[in-house]
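Quick notes on the structure that follows.
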Amino acid sequence: TDAFGLLQLRENIRQHYLKKYDGLSSEDIDTSRIVVTTGSSGGFLLTFTACFDTGDTVAIASSGYPCYRNILGALGCELANVGINNEFKITATELKEEIERRREMGEKSIKGLILSSPSNPTGSMLTPDEL
């Protein structure tokens, strides 16, 4: 079995994206870049290990999905808990406040941000301008 998932399944996913999203060409989506996991945690693990190194500081929402904390912690990443606003969101305003706070306190700088929209567990969604 292919570690990235069955080739036919990945090809079907590729075809779905080509049909659903206008403007994509067959060169835009290569099946070698599609990975099928048994659940979101497996996908997070692959993504986080590709993006972060042990000791990196990663910003996450103070009310974020618990799996983010658990997986990042298991990988040896440090967490920067960013407070959410009254709409249960992290926007550039909240992130900037955390970056400035860390700078003033002499703490490590943030190397990455986990940002989900809609957010789990709050369900809040970022607008295009907020992104």
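What to note about this one:
- Among the residues listed as Thr37, Thr54, the single one being open to solvent by 40 Å² or more (accessible area, probe 1.4 Å), over 24 Å from Pro118 (Cβ atoms) and either under 20 Å from the mean Cα position of the chain (by Cα) or at pLDDT 90 or above (or both): Thr54
- Thr49, sole failed condition from (1) touching an Asp or Glu at 6+ places or on another chain (Cβ under 8 Å); (2) at pLDDT 95 or above: (1)
- Among the residues of region 59-84, the one identified as open to solvent by 50 Å² or more (accessible area, probe 1.4 Å) and of a type in the set (Phe, Trp, Tyr) is Tyr65.
- Residue list for region 1-34, filter: open to solvent by less than 60 Å² (accessible area, probe 1.4 Å), assigned to a loop (DSSP other than H, G, I, E, B) and either of a type in the set (Phe, Trp, Tyr) or under 21 Å from Thr47 (Cα atoms) (or both): Gly5, Ile29, Ile34
- Of note, Glu98 does not satisfy the criterion of being surrounded by fewer than 12 Cβ atoms within 10 Å (Cβ to Cβ) and farther than 20 Å from Ser40 by Cα.
The values are calculated or read from the model by the stated rules, or taken from the named source; none is laboratory data. Keep in mind it's a predicted model, so treat the numbers as computed, not measured. Quick reminder, even Gly has a Cβ in these numbers, built from the backbone with ideal geometry, and neighbours come from all protein chains shown. Please note that ligands, DNA and RNA were not included when accessible areas were found on the heavy atoms of the full protein model with its side chains. Shrake-Rupley method; radii C 1.70, N 1.55, O 1.52, S 1.80 Å.
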